[in-house]
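J.: Input: one structure, supplied below.
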Amino acid sequence: MRKLNVSLLSQAEVDQAFPLIRTICPDANLDAWRSFASQRIAQGSEKGTGILIVRNEQGCIVAIAAFLLSHDLVHGPILLADHFSALDIVDQGNVARALEAGLEKIARRHGCSAVHTSIPSTDRRSDDGWLCSVLFERGHRIEGLHMCKLLPANL
């Protein structure tokens with residue numbers, strides 16, 4: 001059994017997490033990541049906002065998800081998890097399970113009735129199916145499709 005450490009990302013660790021973020025957001029730049037992470041960290045997990053990470057036995061960050069509390073029309077109070085990524089050459093399924101379990105623990109602590117998880121999909125990564133399988137196994141289901149339309153500046 002592996003010894004994985006699930007914890008909140010600290011401000012001092014933000015740059016260490018950037019390579020993992022780039023695997024799911026290849027167009028993100030370091031300054032944008034620093035700004036995003038700083039905002040999530042500054043608001044604080046006691047208020048239901050932060051970034052959860054999983055470290056392997058060597059102390060490397062192998063999974064990450066940003067989260068915040070929200071309110072859903074159907075489910076009421078929810079934990080919204082985005083930028084969910086797990087990357088481990090040995091056992092990425094168990095790494096993803098550890099991250100999801102950590103998010104669920106945070107959601108329960110804040111009285112949430114559901115966890116909504118957004119999984120990035122890029123044309124550069126065609127193996128997203130394994131992550132969906134892990135989340136299905138942990139009780140998640142598809143409830144819709146999240147779409148994005150980029151708006152050009154200054155129109």
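The values are calculated or read from the model by the stated rules, or taken from the named source; none is laboratory data. Note that the structure is a prediction, hence the values are computed from the model and not measured. Ideal geometry is used to build each Cβ from the backbone, glycine not excepted, and the neighbour counts take in all protein chains shown. The area values use the complete protein model at the heavy-atom level, side chains included, leaving out ligands, DNA and RNA. Shrake-Rupley method; radii C 1.70, N 1.55, O 1.52, S 1.80 Å.
J.: Ignoring ligands, DNA and RNA, what accessible area per residue does the chain give at 1.4 Å, in Å²?
T.: Numbers: 9330 Å² over 155 residues.
Accessible area per residue: 60 Å².
J.: Further, regarding this structure: Using heavy-atom solvent-accessible surface (probe 1.4 Å) with all chains present, what is the largest-first order of Cys60, Cys25?
T.: On the way: Cys60 70, Cys25 35 Å².
Largest to smallest exposure gives the sequence Cys60, Cys25.
J.: Right, next: Relative contact order for the chain: what percent, with Cα pairs under 8 Å and sequence separation of 6 or more?
T.: Values: 229 pairs, mean separation 30.4, N = 155.
Normalised by residue count, the contact order of the chain is 20 percent.
J.: Say we join alpha carbon atoms closer than 10 Å with springs in a Gaussian network model of the chain; which of Leu52, Leu80, Leu30 then has the biggest fluctuation?
T.: Among Leu52, Leu80, Leu30, the largest mean-square fluctuation in the Gaussian network model of the chain belongs to Leu30.
J.: Taking Cα centroids, how far is region 60-102 from region 1-41 in Å?
T.: Their Cα centres are 13 Å away from one another.
J.: Roughly speaking, to the nearest percent, how much of the chain's 1.4 Å accessible area is carbon and sulfur? Intermediate results must be reported in sequence, preceding the final value.
T.: Working: 5150 of 9330 Å².
Here it works out to 55 percent.
J.: Still on this structure, please answer the following. How much length, in nm to one decimal, is gained on full extension between Ala12 and His71, taken as 0.36 nm per residue of separation minus their Cα-Cα distance?
T.: On the way: separation 59, 0.36 × 59 = 21.24 nm, distance 3.03 nm.
18.2 nm is the gain from fully extending Ala12 to His71.
J.: Another question about this same structure. What is the pair-distance distribution P(r) of region 51-108, computed from all Cα-Cα distances in 10 Å bins starting at 0, with each bin given as a whole percent?
T.: Pairs per bin, as whole percents: 24, 48, 22, 6, 0.
J.: Next question. May I ask for the Rg/Rh ratio of the chain, computed from Cα atoms with Rh as the Kirkwood radius, given to two decimals? All intermediate terms of the calculation are to be shown ahead of the outcome.
T.: Values: Rg = 15.3 Å, Rh = 16.1 Å.
My calculation puts Rg/Rh at 0.95.
J.: Looking at the chain, what % of its DSSP beta bridges pair antiparallel, to the nearest 5? Spell out each step's value before the answer.
T.: Details: 20 of 24 bridges.
Roughly 85 percent of the beta bridges in the chain run antiparallel, per DSSP.
J.: Rounded, prolate or oblate: which one fits region 1-60, using the alpha carbon gyration tensor with axes a ≥ b ≥ c (rounded when a/c is under 1.5, else prolate when a/b beats b/c, else oblate)? Walk me through the numbers on the way to the answer.
T.: On the way: a/c = 2.27, a/b = 1.19, b/c = 1.91.
Oblate shape, in that a/c is at least 1.5 and b/c is the bigger or equal ratio.
J.: Hey, another quick one. Determine the dipole magnitude for the chain: charges of +1 sit on the beta-carbon of Lys and Arg, -1 on that of Asp and Glu, nothing else is charged, the reference point is the Cα centre, and the result goes in debye to the nearest 20. Show your work: numbers first, answer last.
T.: Details: 16 positive and 17 negative charges, 60 e Å.
With only Lys, Arg, Asp and Glu charged at Cβ, the dipole is about 280 debye.
J.: Which residue fluctuates most in the GNM of the chain (Cα springs below 10 Å): Ile142, Ile24, Ile51?
T.: Between Ile142, Ile24, Ile51, it is Ile142 that shows the largest mean-square fluctuation.
J.: Within region 38-72, find all residues whose amide N lies under 15 Å from a label point positioned 7 Å from the Cα of Lys3 along Cα-to-beta-carbon.
T.: What the label zone holds, given the 15 Å backbone N cut-off, is 55-60.
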